[in-house]
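The values are calculated or read from the model by the stated rules, or taken from the named source; none is laboratory data. Keep in mind that this is a model prediction, so the values were computed, not measured. The accessibility values were calculated without ligands, DNA or RNA, using every heavy atom of the protein model including side chains. Shrake-Rupley method; radii C 1.70, N 1.55, O 1.52, S 1.80 Å.
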Amino acid sequence: MSKKDCLKTLQQICDELSEDINSSLCQEIQEHLKNCPKCCAHVDSIRKVVYLYKHREKSDVPQCVDERLWKVLNLQKPE
């Protein structure tokens, strides 16, 4: 994951936590991601899953699976 991708992901995490990117919590997350390849890989995997899912053909996934995934990701399904 590039530094630009990490910063974008960090911003999204902080936004979900309703935190300013410069808050101490977001700074701690950023420091942790710099030093933890496992967490960085996990964040990267999540980012890729969300990207792929958003750009898939709608007919590729059964509706029940689609609804469960949006619920598990705690994201609002785009209309």
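How far, in nm, would the chain grow between Arg47 and Asp66 when pulled straight, counting 0.36 nm per residue and subtracting the alpha carbon separation? All intermediate terms of the calculation are to be shown ahead of the outcome.
Details: separation 19, 0.36 × 19 = 6.84 nm, distance 1.70 nm.
Contour length minus the Cα-Cα distance gives 5.1 nm.
With all protein chains present, calculate the accessible area of Glu28 using a 1.4 Å probe and round the result to the nearest 10 Å².
Per-residue accessible area (Glu28): approximately 120 Å².
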